[in-house]
Every structure is written in C-alpha cells, then in structure tokens.
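Trainee: Structure incoming, see below.
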Amino acid sequence: MNLKSAPYISNAVLRIALGVTMVMIGISAYRDLAPFLANVTDGLLGWSSRIAYLWGFILPALLIFGGGLLAIGRYQFLAAWAGGLAIGSVPIGIVLKTIMTGLPLPDAMAAIYPSIVWLIAFVLAFTTLPEEPPAAAEEE
C-alpha cells in the first residue's frame, strides 16, 4: 500500500466510489422493490416474466455483495464475479427485453449506454496501473 503513488490512489478512489455506489443502488432497488420489479418484468409474458421477476430479487443482492467487496478491497475474485454479473446483465437484459417485447431499439439504447460506462469503470477498478520503480526515477 503506497499512499504516495498516484496510480494506487486513483485506483482506490475509483474502487471505493464505484463499490459504494453499487451498494447504494442495490439498497435502493430493495427499498423500492415493487416499482423495480414492475420495471424489470414490464411487457414480458409467461416464463420470461417469471425469470425476470426472480432476477429482480437477485440483481440487487449481487450489487450489494459485489459492490461491498469492491469498496473494501477484499475477496477480489468474488467481487469481480458478483459485480460483473450484476453490471454485465443489465445491457444483456435490456437488449433481450427489446427482442421479446418489441420495445424499439433506440429507446433501449438510451438505457444501455450508461451501463457500458459502468462496465468500463468496473474493469478499471480491477486494473492496477503500472508504476515505475522509485529507485529508477531517483537515479536519473
């Protein structure tokens, strides 16, 4: 842990900010569960509605679990799986819902673009930037 390293600090700030935000989004989804489930299942029929309804309970849990682990910087393997599954399922689910309900793709793309930014931030939170060794910088 190098508190004088800019890459370390920027990675820690991104990791903590993203993790805490994921936790708060998950808590918010559970707090307003009925509207969240209605949004997830809107327009779906039959088996797809039941799967979306079940996923509506699992997704916030994954956000809370993965975001919490990401924020505290522990169990990175579990944080990557839980958070990646949660964030990665959003654009896939929106496009799948577009296919199954007939929702126009341009309307869905407005919701997909922010989730792509979230995916990029998630990848960056797990990527440690290389830093040059202090000895080499002092010798020159």
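Trainee: Note down all Cβ pairs under 6 Å where the first residue falls in the range 1-21 and is in a helix (DSSP H, G or I) and modelled with pLDDT under 90, the second is loosely packed, with under 12 Cβ neighbours inside 10 Å and aliphatic (A, V, I, L, M), and they're at least six residues apart or on different chains.
Mentor: Close Cβ pairs satisfying both conditions: Pro7/Leu129.
Trainee: Which of the residues that make up the range 67-84 are in contact with a Gly (Cβ under 7 Å, 6 or more places away or on another chain) and either under 16 Å from Ile16 (Cβ atoms) or surrounded by fewer than 17 Cβ atoms within 10 Å (Cβ to Cβ) (or both)?
Mentor: Gly67, Gly68, Leu70, Ala71, Ala79, Gly83
Trainee: Let me ask something additional. I need a count of the residues in the range 35-50 that are of a type in the set (A, V, I, L, M, F, W, C), part of a helix (DSSP H, G or I) and loosely packed, with under 13 Cβ neighbours inside 10 Å.
Mentor: Residues in the range 35-50 being of a type in the set (A, V, I, L, M, F, W, C), part of a helix (DSSP H, G or I) and loosely packed, with under 13 Cβ neighbours inside 10 Å: 2 in total.
Trainee: Here's a follow-up. So which residues in the range 82-132 are in a helix (DSSP H, G or I) and among the hydroxyl-bearing types (Ser, Thr, Tyr), if there are any at all?
Mentor: Of everything in the range 82-132, those that are in a helix (DSSP H, G or I) and among the hydroxyl-bearing types (Ser, Thr, Tyr) turn out to be Ser89, Thr98, Thr101, Tyr113, Ser115.
Trainee: Based on what the data block shows, is Gly68 touching a Phe, Trp or Tyr at 6+ places or on another chain (Cβ under 7 Å) and free of Cβ contacts under 8 Å to residues at least 60 places away in the same chain?
Mentor: Taking the combined requirement at face value, the residue does not satisfy it.
Trainee: Would you point out which residue out of Ile87, Ile94, Ile64, Ile58 is loosely packed, with under 13 Cβ neighbours inside 10 Å and of a type outside the set (Lys, Arg)?
Mentor: So the residue among Ile87, Ile94, Ile64, Ile58 that is loosely packed, with under 13 Cβ neighbours inside 10 Å and of a type outside the set (Lys, Arg) is Ile58.
Trainee: Across the range 38-88, what is the number of residues that are β-branched (Val, Ile, Thr) and within 14 Å of the chain's Cα centre (by Cα)?
Mentor: Matching residues across the range 38-88 total 3.
Trainee: Could you check how many residues of the range 51-74 are outside any helix (DSSP H, G or I) and either modelled with pLDDT of 90 or more or among the basic types (Lys, Arg) (or both)?
Mentor: Summing the residues that are outside any helix (DSSP H, G or I) and either modelled with pLDDT of 90 or more or among the basic types (Lys, Arg) (or both) in the range 51-74 gives 1.
Trainee: Do we have any residue at all in the range 9-20 that's more than 17 Å from Thr127 (Cβ to Cβ), surrounded by 13 or more Cβ atoms within 10 Å (Cβ to Cβ) and not hydroxyl-bearing (Ser, Thr, Tyr)?
Mentor: Within the range 9-20 (the criterion being more than 17 Å from Thr127 (Cβ to Cβ), surrounded by 13 or more Cβ atoms within 10 Å (Cβ to Cβ) and not hydroxyl-bearing (Ser, Thr, Tyr)), the answer is yes, since at least one residue qualifies.
The values are calculated or read from the model by the stated rules, or taken from the named source; none is laboratory data. The shown structure was predicted, so the numbers you read here are calculated from the model rather than taken from an experiment. For neighbour counting, all protein chains shown are included, and Cβ atoms are generated from backbone atoms with ideal geometry for every residue, glycine included.
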